[in-house]
Every structure is written in structure tokens, then in C-alpha cells.
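The values are calculated or read from the model by the stated rules, or taken from the named source; none is laboratory data. Since the model is a prediction, treat every value here as computed from it, not as a measurement. All Cβ positions, even for glycine, are placed from backbone atoms using ideal geometry, and neighbour counts span all protein chains on display. When the accessible area is computed, the model is the full protein with side chains, heavy atoms only, and any ligands, DNA or RNA have been set aside. Shrake-Rupley method; radii C 1.70, N 1.55, O 1.52, S 1.80 Å.
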Amino acid sequence: MTTVRTLLEIPELRLRLRTGAGRLGCAVSRIYVTELPDPSRYVSAGEVVLTGLLWWREPGDAEPFVAALARAGVAALAASGADTGGIPPDVVQACTRHRIPLLEVPADLSFAVITERVVLELAAARGGEPSAARKRLLAAATEDISLPALVRQGAVELGAPCWVLSATGRVVAGPADPPDDLAGLPDLAEHVVPGRDLTVHDGYSLIPIGGSFAVPWLLVVGHPEPGELAGELADLVRLARARTDQVRRTAARPAEPLLHALAGGGPVADAVAAAGLPEDSEIRVLIARAPDDGPDLAAEVLAELLAEARPVVGVLGGDACALVAGQGNWMRVAAEGLARADRLMSWSRFRLGSGGPAGVDGLHGATQEARHAVELAARRGGRIELVAGEDLAVHQLLAAGAPDELRRSVRERVLGPLLAYDAAQGTDLVHTVRVYLECSSSPTAAARALHVHVNTLRYRITRASELLGVDLNDFVTQVDVYLALQVTV
């Protein structure tokens, strides 16, 4: 069994214990690298969490981070103070308070070296001296090669084709054209259940990729008995995914000025190029909201759904935002991915709105359009709601941008007497007026739609006009009333 004490005794790691001497016997299951201020969704019991403390900005930041590790039951925290002038005192204090061993990593030691050495130690503890194939695979995983390259190396060592599939249906890595029967795997959901190690389907071994990611992944090996090395490949894919996610977050930092400008209405021309977006391209804005989970989860989902577009992903005014350059119906791509993975998603509700496409000069307008679209999606009751701004009528976009207090006030001022009458009499004159206006004020067409006599329709409209104190045959009045009918709070 590998313990925290085992890691301290590996001479080439030169780890130094800062606190937590009483818990050195804790068993280590995995190593996980993170720079998230709140890693609670991604850490698991028994893990050694490795961090460069990039999440630490000021005293007080350590408490929520370490508390999340304690709740998850991690084995230890290994931290490098290379970028913070040493390990901050409040990190040491928080680890002491939560009884988590804190291991100080030498500033000159690469995280790749630590990861490789720990994974080798864990592999040796599980199955004796690592084989040559296992060593080659581990070496490939720690050379910062791409995930597709790691999967190709895994296929060589296993002697069988390998794929990594996303629950959205995307082939993350592996041969570009998977067999038809692989693309049509039935019930992907039953193969990504946490804790299930391996399932065999039509000669393919299906191994869930661990980790608390919002969108699950699956390792598929073209052999019914791939051996223990396949499970270790799945662990390395998990580490590679975590590393890729960290790289994405780091790469998104140059986009922060652009997102800040879009949020505050500032100039965007210079910030577009700095964010890595082509200045002469049309840009689509997608805004996502996971009301019960926060913008970090929504950003992760956007990055997964739009991976083929290489989006710029960040946080805009409390929501996740993706900027995508070039052609492509990315709302359709997102809708298809969400539909495939619906049963597997780790959130309660998800809303997505889009704006554009637009050039640099129109980017503010596209952002506002996406904001209004996601507001309309938020007012709907489904678990997953998507609204494309380009599919909305102008009055819907304008109504979506109004504050709730104003919406309630307008609805009550314009429709109050009619709403009160319907409530008291058990009638539905509001619906009659809506249908009448949507039928271009044609009594004949409205009567046909409502399955009533045209004289009954005329009587109802006259009664509604009396209650509202307006002429429902007047065009300006019709516009006001129809907009009020569109308002929902």
C-alpha cells in the first residue's frame, strides 16, 4: 500500500513535511493536479492534490481551498511555492486546522516528474515491478504530449485500437473513423457509472474515465480482455484531461480583458487580438448558465461542447461565455451534444443563449443578444433550455432585457384589469386577446383559431377593450398590449 509516508521517503522527490505528521499513514489512491480556487467537484478520497498555488492571491484564500480537500477526504496536499515566494502561512495554518498533511515541493522540481514517480509507485504497489510497457506508457504521459498522442501510445502498448469518447458523442482521441458499431454504442450511460471498472460490449472493453467532470468520458479498447494496463491508461487519460483543463483555464487569461470590456461596454478592438481571435472574422457569442452550480461548471460544459471550434471560454458577468470565430452552427452542435448526454449531466439545470455572428464592431450587440437569449431560456421551465438570438423576434429580445421589476410593472399597468377580471370570473379573455392580435386583428381568423362564432369573438374583444379602457383596434395600443402579453417574470 502506498501512503503519504511512502512519498516522503522517495529521495528524488525531496518533499518536505510542513504539517500533518499524525496522518502520514493515510493511503494514497491517485495524484491530481489543480489550480482551481474551489476544487471540490474534482477531488476524491485518498488523492494527493498537487498545486502550484496559482489560485492563492491573498490571505484568506487558503481556507475554502483546504476545506474542500478535507470534505473530500484527500490524503495530502503537495504544494510548490515557486510562484508565491514560498508556501503562504495561511496555507500551512489551514492544513493544520483541517488535519491534512502538507508536503512542500522543491521549487526546481517539475510536476511531470512528481506525477510520473507517484504513478510508478502506485503501479508497483498494485502489481509488483512495473513492466516495460507500463514504464513506456507512464513516460509518454509525463512528457506533456497531447491526449491523442497518449491514446496512440496506449494502443501500441495494448496491441489494440483505442478511443476516448465523450458523453456528447464526440471522439476526443483515437482513429478518426471509428467503426459503425462503436459510434452506435447503446446506452452510454450504463458504461460511465462511477465505480464500474470495465464493461465488454461486442468485443470492445469500455472503461469509464474517473474524475468529477461535468461531461463524462469513456475509454474504449478494441479487445475484450485488455489487461490491467488498460485501467492504468484510463487513469492517465484522467490526469491528461485534468491537465488539459488547467491549460484551457490558463490560456483563457489573455481573454479576460475582452470579457471585461464586453461586460462593461468598453472598447474591444485591441482585446480581440490579444484573446487570440482573428480580427477579420465573424464571431458568435454563446452564454451559458447553470443556476444551481455556477459559472465554472457552465464554462467546462461549453468548452466540451464546442471543443472542435477551439473557443475562447471565460466568465462574463457571472455567466460562462464562449467566443467562437468562423463559420459553423455551434448552437446546433451544442444542442445535439446536450441531447446525447442529457442523462449523464452532473448539473440540475442548464441554459444556453447565443448572439451573432458579428464582426468586431458588432461584438457588443452580439453579446447583448446572447444575454437576452439566455434570459429567455432562464424563464422557461425545462431542465435544459437553449435559445438562439437569431431565431427570436425583435420584441422578444427587447422584452428579455427588461428588469423583472419593470416587467411586472408593465404587465400590471397594461393588463391589470383584464387579469383581475379573468381571475374573478373564471374566464380567459387574456388568451382571446392574444390570439386576436396574433391573427393580425382578424375577427374571422381569430374566431376560427378559438373555435367560436365570429360574433362571440367580437363581443369578447369589445369587453376586453372596456375593461382595459383602450381601443384594441388601434395599432399603437395593439403593440403595447401585445408586448405586455409577452412579458413573463
Quick calc of log₁₀ I(q)/I(0), the range 6-132, Debye, one scatterer on every Cα, no solvent, q values 0.18, 0.23 1/Å, result -0.92, -1.53
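Roll a 1.4 angstrom probe over the protein heavy atoms and tell me the percent of accessible area of the range 1-125 that is carbon or sulfur. Show your work: numbers first, answer last.
Details: 2700 of 5150 Å².
C and S fraction of accessible area: 52 percent.
Contact order normalised by length for the chain, with contacts defined as Cα pairs under 8 Å and 6 or more residues apart; what percent is it?
On the way: 822 pairs, mean separation 43.1, N = 489.
Value for the chain: 9 percent.
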In the range 258-306 the accessible area split gives carbon plus sulfur, as whole percent at 1.4 Å, a share of 49 percent
Log10 I(q)/I(0) at q = 0.20, 0.21, 0.32 Å⁻¹ for the range 201-250, from Debye over equal alpha-carbon scatterers, is -0.69, -0.74, -1.20
Per-residue ellipticity at 222 nm attributable to helices in the chain (runs of n ≥ 4 DSSP H, -39500 (n - 2.57) apiece, nearest 500 deg cm²/dmol) works out to -14000 deg cm²/dmol
Taking 231-238, 56-63, 291-298 and ranking on average Cβ neighbours within 10 Å, highest first, one gets 231-238, 291-298, 56-63
Any residue on another chain or 5+ positions along whose placed amide H is under 5 Å from the amide H of residue 349 is listed here as 292
Taking N as the residue count of the chain, its alpha carbon Rg divided by 2.2 N^0.38 Å gives 1.22
Computed about the Cα centre, the charge dipole of the range 213-339 from +1 Lys/Arg and -1 Asp/Glu charges at the Cβ has a magnitude in debye, to the nearest 20, of 200 debye
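Got the relative contact order for the range 197-329 handy, in percent, Cα pairs under 8 Å and 6 or more residues apart? Intermediate results must be reported in sequence, preceding the final value.
Details: 179 pairs, mean separation 24.3, N = 133.
Result for the range 197-329 is 18 percent.
Per residue, how much accessible area does the chain show when a 1.4 Å probe rolls over the protein heavy atoms, in square angstrom? Each step should come with its number before you reach the end.
Numbers: 22030 Å² over 489 residues.
Heavy-atom SASA per residue in the chain reads 45 Å².
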